[in-house]
Every structure is written in structure tokens, then in C-alpha cells.
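The structure appears below as C-alpha cells.
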Amino acid sequence: MYKDIKIINQNNEGEGIAKINNKVVFIPYALKNDIIDLEIIKNNKNFDIGKIVNINKSSNERREVICPYYYNCGGCNIMHQLYNYQLEFKKNKIINNLKHIADIDINNIDIEYDNEYYYRNHITLSVSGDKIGFLKTNSNDIVDIDKCMISNDIINDKINEIRIFLNKYKDNNIDKISIKSYKEILINIESNNFNLKDEFIKYVKCDSLYLNNKLIYGKDKIDIDFGKHKFKISNRSFFQKNTNVAIKLYDYIKDNVDVNSNVLDLYCGIGSIGIYIANKAKSVLGIEIIEDAVKDAENNAILNNIDNIKFISGKVEDNISNIDNIDTIIVDPPRVGINKNAINDIIKINPNKIVYVSCNSTTLARDINYLKEYYSIKKIKAFDMFPNTYHCESITVLERR
Ligand SMILES: C[S@@+](CC[C@H](N)C(=O)[O-])C[C@H]1O[C@@H](n2cnc3c(N)ncnc32)[C@H](O)[C@@H]1O
């Protein structure tokens, strides 16, 4: 055991960083300026993993957590940090990644936020017999929960209803349950052998029930209310998981689209960004890999009376090499960031502006490093889409040099 070790900083995953005998140690749940006793639980080549044995002096960033499952459950990672320090951590993470990966200096970033708890509109929980919850970090053990402090009230109601069902039918063979809760509720069950549909819907009220991504009850699409807009979403399509922060995010995107411009909306999901900004643009073309999401997008354009938008179903990297006459490209890729060939095509399309929506500042910085010969950062803003976790969303507005 190592005694009285001072935590010097926080890594990208929100873990405390200490140095022992010149080797870096990452310690989950430790915060800057904590003084702790710790044990090394894993040795790696370049860093070790430590475990707090005792906190001798507590960081002023630390708080009591209100979630009874937090220190076992792998769902959240920085709930023990006061919220204003979580926001600082997220801003600094983006600034540091841009500095270290793209060699770009940003002095400060504003961050938008909303409710710290009860914000998630979609979760996937593991099930085993009558247990339901997230998996313990690095393990297959389920942390059995009655309530998730970061999920919205309707999801928590559904967890209660599901628990009553699970208690009654322990031999349910369910592996996972995903709950989407917007204006309406969609549930997808993952199981190799589930035959309790009628019993399930008797206990768990929902608008739509899928089994292994196939509709078995109710509507194929459910309704989302999103500010003045209405969207419909089917089971496989992506939608932003924190509706209030997503509205702030979309407003910022819209503010940064020029009036009467031709816009390319890459990684467009159910078309929601393109539809949100369409009345400011001359035309919008959305591209998305999930076919069902493209069908949702076409349907959503009609639902919102938008007639200057079109969609292509396919991979971004396979579909943009022949596109021209674009003023602004909006990109909202998954965590892996933009494919390198797609970045080269974006450079060839040569838009005035790129509005980069990112959920991973490491790949954001990597992609901006490729783009920086041609584009410079005009604005950057962070959005705390996932309070109490280390994840952070951001929008970077890049303009052609
Ligand atoms: C972060 S989501 C953004 C969705 C949408 N812009 C929104 O605001 O809801 C990323 C989307 O990219 C899609 N996607 C992932 N890889 C892709 C690829 N190579 N080409 C096109 N779409 C892709 C996913 O299916 C998902 O819908």
C-alpha cells in the first residue's frame, strides 16, 4: 500500500492521476488534491491502476453522491465530483485534447448544460432472472437497481414495472432491455428464447415492443416532441439522449448556418438536425448509414412540412466524392470520428464552413489536425449532454482559411 499520495490531475475518463516512483497511476473515484492511501491493483507498461484504500484529505471538488449504486455500477463515472467542477473537467478535456493531439491552443470554452439528474431518454439494461441493471465496471455482474438517477422519470417507472414482471417470471430468458422514452415509449428485448410477450405487456405499458429488433407489439415508430418539431423514430435509429441539451445544441448549429446556404448534413440519423435548420437553408442533403433511420428522416421531413431536404442511405465515405456546390457541411459522427477518406472528400468539396458536432474530443482533435491546413477554428462550445459521466459533446465551427 502507498500512503499519503496526492492526486495531481484527472485523466480523460475522469480518474485521478498520481505519480509513484515516476510512474503514472490512474485511480478511479480520486479527485485532484485528494490525499489518499492506495493499492496498485493492475500493472501496465506505461501506467498502473490504483484503488483508493482511504481518503486522508478530501479534495474540495468532492461531494457525497445521492445514487446508492454509484460506486458499484458502471453507468456513471464522476458523480462524486461537484457539478461545477465536472463542467471544468469537461472544458479542460477538450482544450487539452486539442492542444496535445492537434497542437491548437484554445484559452477557454463556454459550456451549456441543463438538468444534472433524470435527463436520459434512452437506456439499455442487462437482465438475469429477476435482476435488472448496468454491469459492474469490467465485469458481467449486474448491479440490480430500482432507479437510475440519470434516467428520466418515465424510464424509472418502466424499470419498476419491468421489475414486477421479472419477479413474477424469473425464467424469462431476457438478456437485455432497451427503453426509449420520448413522448411515447419503445422497448426492445434481447433474448434467444422469449415467449412471454402477453405477460410482459400486461405489466409493462409501452407504445411499441420489439424482440431482437423485430416489432412484436404496437407501433413500428414512436413520437418525439422536440421544441416546435415533431419526429418519429423506429427501433434501430439513433436519437440524442438528452433532449433538453440537444435543443440547445441544435439551436447553436442553426445559429451557425448561413441564410440561404446549401448544407450537407453528414451522419444525419433521423434527419433531425437538417430538418431543424432547413428553413434557414436553401437546400439540405442528409447522409446516414442505417436504412431505417433514412426512412424515418424522409417521413420526418414530410411531418415537419420541409420540402428542401433530401437524404441518401449509405456510408458517408462512399457517398460524398461527387458532391459539390455546398456552403456548409455539418458532421455529427459516432465516437470513432470521421473516416479519413471522408475527410479528404470534405476538403475537396471545399465548403466555406464545417460545423463539427462531436461526442469524443479525442477523435475531434485528430480530425481537426487533418483539416487544419485548410480550415481554422472560429468557435467552439461544449454541451454537457451526459452529466455525471466523463462524456462531453461539443460543436466546433471551422472556416476555410
Ligand atoms: C452521433 S449520431 C448523430 C445522429 C444525428 N445527427 C442526430 O443529431 O440525431 C451518428 C449517426 O451516424 C450514423 N453513422 C455511423 N457511421 C456512419 C457512416 N460511416 N456513414 C453514415 N452514417 C454513419 C449512425 O447510424 C448515427 O445515426
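No value in this document is a laboratory result; all are computed from the given coordinates. This structure is a prediction, so every number in the text was calculated from the model and none was measured. Cβ atoms come from the backbone with ideal geometry, glycine included; neighbour counts cover every protein chain shown.
Below are the figures for this structure:
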{"quantity": "Cα-based equivalent ellipsoid of the stretch 122-223: semi-axis lengths in Å, sorted from largest, via gyration tensor", "calculated": "19, 16, 12"}
{"quantity": "Calculated FRET value between Thr137 and Arg335, using beta carbons and R₀ = 22 Å, to 0.05", "calculated": "0.75"}
{"quantity": "Amide H partners (placed H, <5 Å) of Tyr210, local residues excluded", "calculated": "Ile187, Asn188, Ile189, Ile216"}
{"quantity": "5 angstrom amide H check on Val53, placed H, neighbours 5+ away", "calculated": "Asp37, Leu38, Glu39"}
{"quantity": "Fraction of antiparallel bridges per DSSP, the stretch 122-223 only, in percent to nearest 5", "calculated": "85"}
{"quantity": "Segment Ile40-Met1, length gained on full extension (0.36 nm per residue, minus Cα span)", "calculated": "13.3 nm"}
{"quantity": "Among beta bridges that DSSP assigns inside the chain, antiparallel share in %, nearest 5", "calculated": "70"}
{"quantity": "Pair Asn279, Tyr118: separation of 7 Å Cα→Cβ label points (nm)", "calculated": "3.1"}
{"quantity": "Within a Gaussian network of the chain (alpha carbon springs, distance under 10 Å), most fluctuating of Phe165, Phe383, Phe134", "calculated": "Phe165"}
{"quantity": "Protection proxy ranking, peptides 119-130, 206-217, 259-270, average beta carbon neighbours within 10 Å, highest first", "calculated": "259-270, 119-130, 206-217"}
{"quantity": "Highest-first arrangement of 303-314, 362-373, 40-51, where packing means the average Cβ count within 10 Å", "calculated": "362-373, 303-314, 40-51"}
{"quantity": "Theoretical gain in end-to-end length, Ile216 to Lys348 [0.36 nm per residue, Cα-Cα removed]", "calculated": "42.9 nm"}
{"quantity": "The chain: most fluctuating residue of Val257, Val336, Val143 per GNM, C-alpha cutoff 10 Å", "calculated": "Val336"}
{"quantity": "Stokes-Einstein D in µm²/s, Kirkwood radius over Cα pairs - the chain at 25 °C with 0.890 mPa s viscosity", "calculated": "107"}
{"quantity": "J(HN,Hα) series, the stretch 301-313, from Karplus relation 6.51 cos²θ - 1.76 cosθ + 1.60, nearest Hz, glycine and proline x", "calculated": "4, 5, 4, 9, 6, 9, 10, 10, 10, 9, 9, 10, 9"}
{"quantity": "Potential lengthening between Asn96 and Ser128 on full extension [0.36 nm per residue; Cα-Cα distance subtracted]", "calculated": "7.4 nm"}
{"quantity": "Most to least packed among 220-227, 102-109 [average Cβ atoms within 10 Å]", "calculated": "220-227, 102-109"}
